[in-house]
1. Go through the range 1-57 and report how many residues are of a type in the set (S, T, N, Q) and touching a residue at least 40 places away in the same chain (Cβ under 8 Å).
2. Scan the range 183-194 residue by residue and report those that are without any contact (Cβ under 8 Å) to a residue 12 or more places away in the chain and either crowded, with 19+ Cβ neighbours inside 10 Å or in a loop (DSSP other than H, G, I, E, B) (or both).
3. Given (1) part of a helix (DSSP H, G or I); (2) touching a helix residue (DSSP H, G or I) at 6+ places or on another chain (Cβ under 8 Å), identify the lone condition not met by residue 121.
4. Would you mind telling me which numbered condition in (1) of a type outside the set (A, V, I, L, M); (2) assigned to a loop (DSSP other than H, G, I, E, B); (3) in contact with a Gly (Cβ under 8 Å, 6 or more places away or on another chain) residue 67 fails?
5. Does residue 59 meet the test of being assigned to a helix (DSSP H, G or I) and over 22 Å from residue 142 (Cβ atoms)?
Amino acid sequence: MPTYTPSQIFYLSLHFTSIFLILVLNIHLFRSKPFITKWTLIQICLSLLGYSLFAISSLVIFGDRIQSEDSEELCSILAKLTTFFHYPVITFTSVLSCYLWFLIVKTNLNLEKVTLRWISAMIWGWSLVYLLFIIIMARDERMVKTTMYCKLQVKWYNYYVYWTVMSILILFNFGFGGHSIYILYKRWSIFKNKKNRQTAINLGYSVRVAAYISLYTFLMLSYLVSDTISISKSKETNDLLDKEVHIGDFTSALRQPESLELKRQETQSTNDTNVENTTETMTSVIILDLSQDFINHYNEI
């Protein structure tokens, strides 16, 4: 029977609460009537569910012994399976930004119906190919084990793929977000000059879409800046690709590289510096829920 520290119990409580809420939302989406972005939202929820379940499995199984040698093999399998759900989470959320942008700009209600199959096939197919690639490339590597979870070491084949995908998605979201803010400004000007129910509804839609895309772009940019700063700090060690960086953890940008500290201790005989590891933080992808009035209005057009 595994035992857990208070911090691990708190971490698991957050994850179990998140998993429960995702399940409730997914059931509600499946039972709801068809509406635009329905199946995109369902796939986001399924991706989040799979990612969360595999991310905490090692901790649930081993508890406070997660960093022991006994957990190496199973942690390796679970960490690799987690990567299968990572890219669908961030990619489908960007696809949602595109659909919402088309909704307010083009009033296109059929875009998801037309594009859903091939976009979904591309995203899940890419995730499967990437998983197989990771399994082959990382088959002999040891996992990086924290007190909360296991993760892959950062190598060229996962860091630069991650950086490229994130950069492309951020650029797309910058475009959608910038134009959404422009549409918001135009509709605000119309609302000031002609205040009625229709202009107020249109303004409300634009506010929601612009807020969602802007917030999501900010979160993705935070991840990318964090990891870029961490890798830049590691250049002095001449071990850039082997640096164990917390991908997606913004606190990693503030952490002192341990290998750099060891190198300084070898070259300097002065005072030793103790490095404190920052507490792992968990960030969640935020999904804006469109109100029923929003859906009903566009379905009536």
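1. The total comes to 9.
2. Scanning the range 183-194 gives a single hit, 194.
3. Of (1) part of a helix (DSSP H, G or I); (2) touching a helix residue (DSSP H, G or I) at 6+ places or on another chain (Cβ under 8 Å), only one is false for residue 121: (2).
4. (3)
5. No; evaluated as a whole, the condition is false for this residue.
Rundown of residues vs (1) surrounded by 14 or more Cβ atoms within 10 Å (Cβ to Cβ); (2) of a type outside the set (S, T, N, Q), yes/no style:
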residue: 115; (1), (2): yes, no
residue: 123; (1), (2): yes, yes
residue: 127; (1), (2): yes, no
residue: 133; (1), (2): yes, yes
residue: 155; (1), (2): yes, yes
residue: 161; (1), (2): yes, yes
residue: 171; (1), (2): no, yes
residue: 181; (1), (2): yes, yes
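A short reminder: the numbers here are calculations on the coordinates, not readings from a lab. What you see is a predicted model, and the numbers here were worked out from it, not measured in a lab. Because the Cβ atoms are built from the backbone with ideal geometry, glycine has one as well, and the counts that use them run over all protein chains shown.
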